[in-house]
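Let me begin by presenting the structure, written as structure tokens, before commenting on it.
The values are calculated or read from the model by the stated rules, or taken from the named source; none is laboratory data. Everything numeric in this text was worked out from a predicted model, so none of it was measured. Glycine gets a Cβ as well: all are built from the backbone with ideal geometry, and neighbour counts include every protein chain shown.
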Amino acid sequence: MFMSTTFTYPDNLPRLTTLASGGGCACKIPPGELEDAVQGLVGIDAPSVLVGLDDGDDAAAIQIRGDLAVISTADFFTPVVDSPYEWGRIAATNALSDVYAMGGTPVTAINLVTWPREVLPLDVLREVLRGGLDACSAAGAPVTGGHSITGPEPVYGMAATGIVDPQHLMRNDAATAGLPLSLTKPIGVGLLNNRHKATGEFFPAAIDTMTTLNKEASEKAVAAGVKAATDVTGFGLLGHLYKMCRASGVRARIHRADVPVLTEALTALADGFIPGGSRRNLDWVRPHISTGSGIGDDDLLLLADAQTSGGLLLAGEIEGYAPIGEFLPADHDAPTIEVV
């Protein structure tokens, strides 16, 4: 039973995660299948589009005037935890992360909801929305509306709008060889969320990292002049890094021992609580990876773990976040990512 300041989840209702076919960003369409589905869909060629469909960036950026661009994004998913309030906070934090990943400031967000009304009462939905509202309030972004439909399983997320000075825009295709590779949150929440769904065990450390805004990390990155960034979500650290390398025309080396990991996630990995999305991530990126001595499949599954509301992956170093590797010059005879 989960409690907030105003709501107690009824014992006679099913756990939220049991109503979801997937969980969090692990329920994304596999990256290879998605790329095949959208291939060739590029839309109109408008000069105001600074970032669009080309390289799989976190959001779109549209220039309004010389010193102002609008960032537009949307993100939603099935329950990742059983607490409706925390699910709302996580989903909103995750949606806002796309704005932060591009160096922007969120200015508003609207709710996106699918709800099984015959299974879950609307006071549970109210808790989800309250969690989203609190996350947006912490970010200074007012929630200004939304859209809802009835559906077979609960889905929640947000469409978020932000602003950025085009000179400070961070994007997928701007990484250069010689720069350090930094990550601003520990990985492993996919494993812990999968264990939570299977067993009901509650992991406060996973909640804490998923509800931490990427605001501070983004501001530090912009101040440090970082030009290339993405956030680590459903495609895992390896998947998002591969997309960044491919778009930028570089390679990367990850030092496995330097990657921050939630301690309890290692136990979940050893016990086999591996999300299907994480396995699909690894299958997609494995042909582009080489491994050093001592790096096994468990290491790669951890690095491919499907994250929800993960940290920023940066081409550069910022205060408070140690590098986990470096970007390397392109070499067509070498794999895109080395894990050592």
(1) touching a helix residue (DSSP H, G or I) at 6+ places or on another chain (Cβ under 6 Å); (2) under 23 Å from Leu192 (Cβ atoms); (3) crowded, with 22+ Cβ neighbours inside 10 Å all hold for His240 apart from (1)
Which one is farthest from Ala224 (Cα to Cα), of the residues in the stretch 172-209 that are buried (at least 23 other Cβ atoms within 10 Å of the Cβ) and either among the polar types (S, T, N, Q) or in the same structural domain as Glu86 (by TED's automatic domain parsing) (or both)? Asn194
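This table checks each residue for (1) over 26 Å from Val81 (Cα atoms); (2) surrounded by 19 or more Cβ atoms within 10 Å (Cβ to Cβ); (3) not hydrophobic (A, V, I, L, M, F, W, C).
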residue	(1), (2), (3)
Leu266	no, no, no
Asp271	no, no, yes
Thr291	yes, no, yes
Leu300	no, yes, no
Pro329	yes, no, yes
For Val232, are the conditions met, namely being in contact (Cβ under 8 Å) with a residue 40 or more places away in the chain, at negative phi, surrounded by fewer than 24 Cβ atoms within 10 Å (Cβ to Cβ) and in the same structural domain as Ala257 (by TED's automatic domain parsing)? no
Looking at the structure I just gave you, is Ala198 small (Gly, Ala, Ser) and touching a strand residue (DSSP E or B) at 6+ places or on another chain (Cβ under 7 Å)? no
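Could you tell me which of the residues Gly296, Gly316, Gly277 is more than 20 Å from the chain's Cα centre (by Cα) and not assigned by TED's automatic domain parsing to the domain that holds Arg89?
Gly296
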Ile62 being of a type in the set (A, V, I, L, M, F, W, C), within 18 Å of Pro166 (Cα to Cα), modelled with pLDDT of 75 or more and not assigned by TED's automatic domain parsing to the domain that holds Arg246: yes
Just to be sure, is Pro142 touching a Ser or Thr at 6+ places or on another chain (Cβ under 8 Å), free of Cβ contacts under 8 Å to residues at least 40 places away in the same chain, in the same structural domain as Phe76 (by TED's automatic domain parsing) and not hydrophobic (A, V, I, L, M, F, W, C)? yes
Lone unmet requirement of (1) charged (D, E, K, R); (2) loosely packed, with under 15 Cβ neighbours inside 10 Å; (3) closer than 17 Å to Gly188 by Cα for Asp283: (3)
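Do we find that Thr308 is surrounded by fewer than 16 Cβ atoms within 10 Å (Cβ to Cβ), out of contact with any Asp or Glu (no Cβ under 9 Å at 6 or more places or on another chain) and closer than 30 Å to Lys197 by Cβ in this structure?
On the way: surrounded by fewer than 16 Cβ atoms within 10 Å (Cβ to Cβ): no; out of contact with any Asp or Glu (no Cβ under 9 Å at 6 or more places or on another chain): yes; closer than 30 Å to Lys197 by Cβ: yes.
It is false that Thr308 is surrounded by fewer than 16 Cβ atoms within 10 Å (Cβ to Cβ), out of contact with any Asp or Glu (no Cβ under 9 Å at 6 or more places or on another chain) and closer than 30 Å to Lys197 by Cβ.
Could you please let me know if Ala91 is free of Cβ contacts under 8 Å to residues at least 40 places away in the same chain and closer than 20 Å to Phe235 by Cβ?
Working: free of Cβ contacts under 8 Å to residues at least 40 places away in the same chain: no; closer than 20 Å to Phe235 by Cβ: yes.
Criteria not met by Ala91.
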Being basic (Lys, Arg) and more than 26 Å from Ala221 (Cα to Cα) is the requirement here; does Arg126 meet it? yes
Looking at this structure, is Thr291 of a type in the set (S, T, N, Q) and in contact with a helix residue (DSSP H, G or I) (Cβ under 8 Å, 6 or more places away or on another chain)? yes
